[in-house]
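Take a look at the structure set out below.
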Amino acid sequence: FSRFAERLFVFFLDSGLWRSAHKNRINMAFKGEDHLDSLPLPVQRMHLIQVDSVQRWMEDLKLMTDCECMCILQSKPISIEKDEQNELMLSSQYGTCDNLQVLLKRAWIISTELTRIAQKLEKNRWQRVHSMTVRVNCHVRSMINEYNTFARNSSEEMHRFEKLLIDKCSEFTAFTERCIQTEDEQILKSMKSCINETLTTVAQYFGQLIELVLTHEAQNLLRQIELSDNMYVTESAISSLFSLTQEGAHLCRIIAKEGGVVALFKICRQDGFRCLYPQTLRTLASICCVEEGMYQLEKVDGILCLADILTDNSHSEATHAEAAAVIAQITSPHLMFTQHLSSFLENMEEIVTALVKLCQEASSGEVFLLASAALANITFFDTMACEILLQLNAMKILLAACSDKHIVDTPYSRDQVVTILANMSVLDQCASEIIQGNGVQLLMEMLFERSSSGNPAEVAACERVQQKSAVTLARLSRDPEVADVAVKLSCIPRLIKLCRSPTERNNSDSVLVACLAALRRLAVMSPDGLEDSDFQQLVKPRLVDSFLLCTSMEESFV
């Protein structure tokens, strides 16, 4: 009966009656038990057999579909000549930026699938390897087809890699299809090395093709920026370029190598494009996270251009803020490449002066954050910056800003301020400025910094605030006057609690070390402020012994 039912179903398909067959199959498959009970026993049996047969057919269909037909149907373009208003064409439906996003998503899917194929291949799961290979084949053809619908002036090399990749994917699919048709372990073992080699080649061709595509698109965008005098065309190209920089460091390297930094600084030197300065500088900040971007910045004397923008009062606050963001990026202490710092030192005084002014006049928390972050990074690599800040009364300006909750409104901003205070505290003249600006009170408040949202980035910022405020207290407490103010403000009990309670410091070891150092400095200046047990455990032993003692304190929740 099973064979008869299948033949009958095929007959319905051939005779044009497939709609009613499909409808009857759905009805019989999904009716409840009441319906089955109302049928005669022979009909019930016939129904169950038919459902089982159809279910088996549906399951087999997933794996038995002809992969070549799938690929051709998936990749077949819709002709524009027959229907000029066809909305299914990617080139008419999306802009360049959207098309690139679609391409990158498709590339990510293919990359993920190739990784999973390698994993399944290791476990000899041939059926899964074949089905995933078919999927990759379809995705590759779709990606190439989608890209060719909107690509302009594609190179011969790109077309060559497209053909190589498609051919190798077809070969890969054919290999895996042969594997599922045999059960001989020796044959499968011998074919496994060939499949591994083919998979590696597919991945290489795919990577090279994506590299060529992204390079080609970056070149097109940069060509628009360099050659167009139209404000809207240039703005659109810069916006697309910025979107590309957000996809990771690799794309930033491609853009830098193709002259992106040079083209963007060219915009920043033309008064006719002043309204595009903020967007252009934001893109520059993203590109300069990689060494190639830094090299290009040095090559075009970009630091002098940034100094000119920051010191020009005719520019908007938004432009000044984005210029500060570029300064913050290129002076980050986390960067290992520092070839640009020589020219930065030549312009440092006017840059620092402009940044302090921007902090003082900031109209929002975001502007203050960018300016203070640039200042914080600058104080790391030259003590001369701290001396300039002291001369400019920066301490007073920063402390005053902290009292305005609309300006210093996040742990991130407080992190920048306390970083500057910590680096400036190495100067002897800093102590009096701190006392005059009520800075010790601020540092005490920062020891209580806690995240309200539980966001991991915010929690980490709060830990940095606690750590750096303790470091600043330790450095400043070499001055008896500062130490006396700190003791009167009950800094010692707070430091003890941070040492003894892991939850107060969010289990941070760096906060613990900083608090132990500050506590020991204050204990020297005011030994009467500690109980004997605290002195014996937190002050008298070696720092490492006190650290080990505090880290072994586990809170009981019973």
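The values are calculated or read from the model by the stated rules, or taken from the named source; none is laboratory data. No experiment lies behind these values; they were computed from the predicted model shown. When we count neighbours, we look across all protein chains shown, and the Cβ atoms used for this are built from the backbone with ideal geometry, even at glycine. Please note that ligands, DNA and RNA were not included when accessible areas were found on the heavy atoms of the full protein model with its side chains. Shrake-Rupley method; radii C 1.70, N 1.55, O 1.52, S 1.80 Å.
For the range 295-301, 3J(HN,Hα) computed residue by residue from phi via the Karplus equation (6.51, -1.76, 1.60; θ = phi - 60°) reads 4, 5, 4, 5, 5, 9, 6 Hz, glycine and proline entered as x.
Count neighbours as other Cβ atoms within 10 Å of each site's Cβ, and list the GluC sites (Glu not before Pro) in the range 133-218 that are DSSP loop with at most 13 such neighbours.
In loop regions of the range 133-218 (DSSP not H, G, I, E or B), the sparsely surrounded GluC sites (Glu not before Pro) are 183.
In order along the range 141-156, the Karplus-derived 3J(HN,Hα) couplings, from 6.51 cos²θ - 1.76 cosθ + 1.60 at θ = phi - 60°, round to 4, 5, 4, 5, 5, 4, 5, 5, 6, 10, 6, 10, 6, 5, 7, 5 Hz, and Gly and Pro are given as x. Between residue 160 and residue 220, the contour length at 0.36 nm per residue exceeds the Cα-Cα span by 19.6 nm.
Taking all Cα pairs closer than 8 Å and separated by 6 or more residues, the relative contact order of the range 95-216 comes to 32 percent. Relative to the compact-globule estimate of 2.2 N^0.38 Å, the Cα radius of gyration of the range 410-497 comes out at 1.06. Taking all protein chains together, 277, 205, 412, 232 sort by accessible area into 232, 412, 205, 277, largest first [probe 1.4 Å].
Think of the range 184-322 as a dipole: +1 on every Lys or Arg Cβ, -1 on every Asp or Glu Cβ, centred on the Cα centre; then among 186, 293, 283, 186 lies furthest on the positive end. In a DSSP loop and with at most 14 other Cβ atoms within 10 Å, the trypsin sites (Lys or Arg not before Pro) in the range 366-422 are 405. Phi angles of the range 540-547 translate, via the Karplus equation with coefficients 6.51, -1.76, 1.60 and θ = phi - 60°, into HN-Hα couplings of 5, x, 5, 4, 5, 5, 5, 4 Hz per residue; Gly and Pro are given as x.
Taking all protein chains together and a 1.4 Å probe, the residues 126, 108 rank 108, 126 from largest to smallest accessible area.
List the trypsin sites (Lys or Arg not before Pro) within the range 109-146 that DSSP assigns to loop and that have no more than 15 neighbouring Cβ atoms inside 10 Å. Qualifying residues, ordered by number: 123, 125. Each listed q (0.12, 0.16, 0.22, 0.23 Å⁻¹) maps to a log10 I(q)/I(0) for the range 95-216, found by the Debye formula over equal Cα scatterers with no solvent: -0.45, -0.74, -1.21, -1.30.
Taking every alpha-carbon pair under 8 Å whose residues sit at least 6 apart, the range 399-465 reaches a relative contact order of 43 percent. What separates the Cα centres of the range 382-436 and the range 248-264 is a distance of 35 Å. Projected onto its three principal axes, the C-alpha set of the range 454-557 covers 38, 26, 22 Å, listed from the longest axis down.
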